[in-house]
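No value in this document is a laboratory result; all are computed from the given coordinates. Remember, it's a predicted structure, so these values are computed and weren't measured experimentally. Every residue, glycine among them, receives a Cβ derived from its backbone with ideal geometry; neighbour counts consider all protein chains shown.
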């Protein structure tokens, strides 16, 4: 077993799909698949069950997973210790992020950055993606993790991942089925996020493009509040797929939209067009890359 195999194992367990896991690890799908097969042959057991729709860890895979995460964490700590010993970085880093982005764990990323560069003064703000884009453009933030592609063309952008949008509904709702058509959403009451959130504008645009009239009964600024309101029958919600897997969404029906017209929710890291190189922001983004060099 080596670190690369552990990285692939963790990514596949988290993403439950070879295509997304390979993209996350920046390797070909065939390369990731071959590495997992090699690990299974080495251990003499299957680590994943594979279907046409998803990949899930077996009992053996689940048993290995915490050890894999521990190995990767220890390796990261070792690299961080080398960096602390060989180069110092100071200054101020201003970071913003929308809540619960799924494809990037911002608190963990900031924690690792802090341990690697303890002399950098970190300032972190949480807000909607559209507000964060404006703050990066104005120079108020060095880097922002956002879930929108609107008004970002003038800013350096690093795509991090995407998820399809799904419908969440109470189990007794008329739309609680395997799939729905857009026409079925017409005049339905919704719970949705504040217009500053990237997913809200994505939902508004998708519904408008298909002639769907919807009433947003409840507007929220928090994912857990949205899930609570849907649980209580105050409306249905269009959310990125990973939100449907949260424990707070247990019991809700996850409903797929038509495959050909399903909106794609994409997360990116934005940096300032002019001042990012003068800030520690590039060092933060290095930690997103598993192949980033220490020196």
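Side notes on the structure shown:
- Convex hull volume per residue, computed on the Cα atoms of region 9-106, equals 140 Å³.
- Cβ crowding within 10 Å ranks 106, 267 as 106, 267, fewest other Cβ atoms first.
- Order of 163, 283 under a 10 Å beta carbon neighbour criterion, fewest first: 283, 163
- Stretchable slack from residue 187 to residue 123, in nm (0.36 nm times residue separation minus alpha-carbon distance): 18.8 nm
- Gain in span if fully extended, residue 231 to residue 50, counting 0.36 nm per residue against the direct Cα distance: 62.0 nm
- Working from Cα pairs under 8 Å separated by at least six residues, relative contact order for region 11-104 is 18 percent.
- Cut-off 19 Å (backbone N to label point 7 Å along Cα→Cβ of residue 177), residues of region 252-267: 252-263
- Relative contact order, percent, region 163-265 [alpha-carbon distance under 8 Å, six or more residues apart]: 51 percent
- Relative to the current alpha-carbon distance between residue 157 and residue 250, full extension at 0.36 nm per residue lengthens the span by 30.1 nm.
- Where labels lie 7 Å past Cα in the beta-carbon direction, separation of residue 43 and residue 208 in nm: 4.9 nm
- Listed by Cβ neighbour count within 10 Å, with the fewest neighbours leading, 114, 123 appear as 123, 114.
- Short-range pairs are left out: with C-alpha atoms under 8 Å and at least six residues apart, the relative contact order of the chain is 21 percent.
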